[in-house]
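The following block contains the structure, expressed as structure tokens.
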Amino acid sequence: MVKGYSKYSDLELFNTLKEPKHEAELAFSELYSRYNQRIYAYCLRVTGNPDEARDIFQDTFLKFYKSAKSDRQVTNVPGYLLTIARNLCLNFKRDRKETVSFEDFHLSASSDSSFERKEYLELIRMALELLDSDHREAFVLREYQGMSYAEMSVLTGVSVSALKNRVWRAKEKIKKILSRYVTEVSKL
């Protein structure tokens, strides 16, 4: 947090980005400190690759800073940042046309054993890889970004009912995939 700037709202800080360089840099630093972890986590979950996620993450904040210099009106700064990140991730996936591996996907699991937790995380990663991109994106936005369906709808341009369906189907597919392994482990 930037001393003195932490008391300002996101919108006040965004508007300060149009000010002279010193004030703009301080406002940007404050916004960056507020949202960098959330944006990087989203990029990482979508790309599955830390290097690619870092590139997209940096591009997101660069585009954000440049767009603030224009006369762009923004009412929801974190939503705007997530929209930029999402568009860059979609462009990346379109250009690469590869499946996403979630090797660095982080999920908290309730397990006493670190080995069991590691194994559980690996199963979740595998299950997410098997989802199509629409279901995976809806699941990540809802479960890991904590977005409401209304926010997701604005971000993706997909209806709330369709998003609810995608999240439900994603959960069902994950349960189905994981149930095979749970059954195998219980036989041991």
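Conditions: (1) free of Cβ contacts under 8 Å to residues at least 24 places away in the same chain; (2) touching a Ser or Thr at 6+ places or on another chain (Cβ under 6 Å). GLY48 meets all but one. Number of the miss?
For GLY48, the exception is condition (1).
Can you list the helices (runs of 4 or more DSSP H) found entirely within segment 1-77 that contain at least 3 residues being touching a Phe, Trp or Tyr at 6+ places or on another chain (Cβ under 9 Å) and closer than 30 Å to GLU129 by Cα?
The helices (runs of 4 or more DSSP H) meeting that bar are 21-47, 50-69.
Pick from ARG86, ARG117, ARG94: which is more than 26 Å from LYS176 (Cα to Cα), in a helix (DSSP H, G or I) and either at pLDDT below 80 or among the hydroxyl-bearing types (Ser, Thr, Tyr) (or both)?
ARG94
Out of ARG54, ARG45, report the one residue that is at pLDDT 90 or above and under 30 Å from GLU119 (Cα atoms).
Exactly one of ARG54, ARG45 is at pLDDT 90 or above and under 30 Å from GLU119 (Cα atoms), namely ARG54.
The values are calculated or read from the model by the stated rules, or taken from the named source; none is laboratory data. Note that the structure is a prediction, hence the values are computed from the model and not measured. Note: ideal-geometry Cβ built from the backbone for every residue, glycine included; neighbour counts use all protein chains shown.
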